[in-house]
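Trainee: Let me begin by handing over the structure; questions about it come next.
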Ligand SMILES: NC(=O)c1ccc[n+]([C@@H]2O[C@H](COP(=O)([O-])OP(=O)(O)OC[C@H]3O[C@@H](n4cnc5c(N)ncnc54)[C@H](OP(=O)(O)O)[C@@H]3O)[C@@H](O)[C@H]2O)c1
């Protein structure tokens, strides 16, 4: 897996205590090819593996981003897998809207901050580790509902808009990063409906065979990124390796 990355490559996984993020850390550790995983979460991550560095940091804040930059020290990074994202957040009054009158500008700003601005700020603080001449993959979790072309059902204004903004920011960054590192691959990914705390309140009408385990999704997404080349940079894919329209 990820054979085109150097032997003992370095990865950063954000949202490492989230459903998909945690499964990704474990799936990466299944490979003997990986040298180091910096697992970033607001809470320490307990994994008994010498290749894991647990970094307790909130990357939605400047101090959290600074802590991550200090940990990587500008050394080459070969995989950045961002899984941070919200759909609902009681603390900030965020619930996916069904109707126009439920739209709240403060909740919208919070969702945009976590889902769109934070992934781009990650690239900004890690730029020294991404640029150069080494192979590097940036994979950031989006959602199919962020596709404007695919929006047939409406609703979920803030979440949809934040993922559409996420995709535009990643696409734009892929162009700049392509100039700074010819081997860079920047990808937006849709994991499919996955059994995590994010989807939990909305699972009732999801058929059982369409609700994936985090382990299955982590393994599927690693296969998808494994098949991409620098020519694919700035593109949007689902868990099955099918491209998604913007
Ligand atoms: N589950 C699905 O069906 C589904 C479908 C489509 C897209 N996605 C996308 O996949 C990504 C991962 O989702 P998931 O299902 O694994 O959800 P999850 O279990 O809730 O994990 C998301 C993680 O994001 C981080 N996070 C959330 N709110 C934050 C905040 N305010 N400040 C800082 N960090 C915060 C947390 O990481 P730590 O706890 O480690 O700090 C959290 O565990 C998200 O971007 C989501 O939009 C999920």
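The values are calculated or read from the model by the stated rules, or taken from the named source; none is laboratory data. Bear in mind that the values here come from a model prediction, so they are computed numbers and not experimental data. Here Cβ is always computed from backbone atoms with ideal geometry, including for glycine, and neighbour counts include all displayed protein chains.
Trainee: Of everything in segment 188-213 that's more than 9 Å from the ligand (Cβ to nearest atom) and assigned to a loop (DSSP other than H, G, I, E, B), which residue is modelled with the highest pLDDT?
Mentor: Step one: list which residues in segment 188-213 are more than 9 Å from the ligand (Cβ to nearest atom), which gives 188, 201, 204-205, 207-210, 213.
Among the residues that remain, those that are also assigned to a loop (DSSP other than H, G, I, E, B) are: 204-205, 207, 213.
Details: 204: 93, 205: 90, 207: 93, 213: 98.
Residue satisfying both the conditions and the ranking: 213.
Trainee: For segment 8-29, state whether one or more residues are modelled with pLDDT under 95 and within 22 Å of residue 192 (Cβ to Cβ).
Mentor: Our first condition is that a residue be modelled with pLDDT under 95; within segment 8-29, this holds for none.
Looking through segment 8-29, none of the residues is modelled with pLDDT under 95 and within 22 Å of residue 192 (Cβ to Cβ).
Trainee: Right, something else. So which helices (runs of 4 or more DSSP H) are wholly in segment 81-187 and hold at least 3 residues that are within 29 Å of residue 63 (Cβ to Cβ), touching a strand residue (DSSP E or B) at 6+ places or on another chain (Cβ under 7 Å) and touching a residue at least 12 places away in the same chain (Cβ under 8 Å)?
Mentor: Output list reads 105-112, 118-125, 157-180.
Trainee: Right, next: Can you tell me which residue is surrounded by the most Cβ atoms within 10 Å (Cβ to Cβ) among those in segment 1-30 that are within 21 Å of residue 230 (Cα to Cα) and free of Cβ contacts under 8 Å to residues at least 60 places away in the same chain?
Mentor: Residue satisfying both the conditions and the ranking: 8.
Trainee: Now for a different question. Of (1) farther than 20 Å from residue 194 by Cβ; (2) buried (at least 17 other Cβ atoms within 10 Å of the Cβ); (3) within 18 Å of the chain's Cα centre (by Cα), residue 168 satisfies all except one. Which?
Mentor: (2)
Trainee: Being surrounded by fewer than 22 Cβ atoms within 10 Å (Cβ to Cβ), in contact with a helix residue (DSSP H, G or I) (Cβ under 7 Å, 6 or more places away or on another chain) and under 16 Å from residue 115 (Cα atoms) is the filter here, so list the residues in segment 31-85 that pass it.
Mentor: 58, 60, 65
Trainee: How about segment 93-120: which of its residues are in contact with a helix residue (DSSP H, G or I) (Cβ under 6 Å, 6 or more places away or on another chain) and over 23 Å from residue 168 (Cβ atoms)?
Mentor: Once the filter is applied, which keeps residues that are in contact with a helix residue (DSSP H, G or I) (Cβ under 6 Å, 6 or more places away or on another chain) and over 23 Å from residue 168 (Cβ atoms), segment 93-120 yields only 93.
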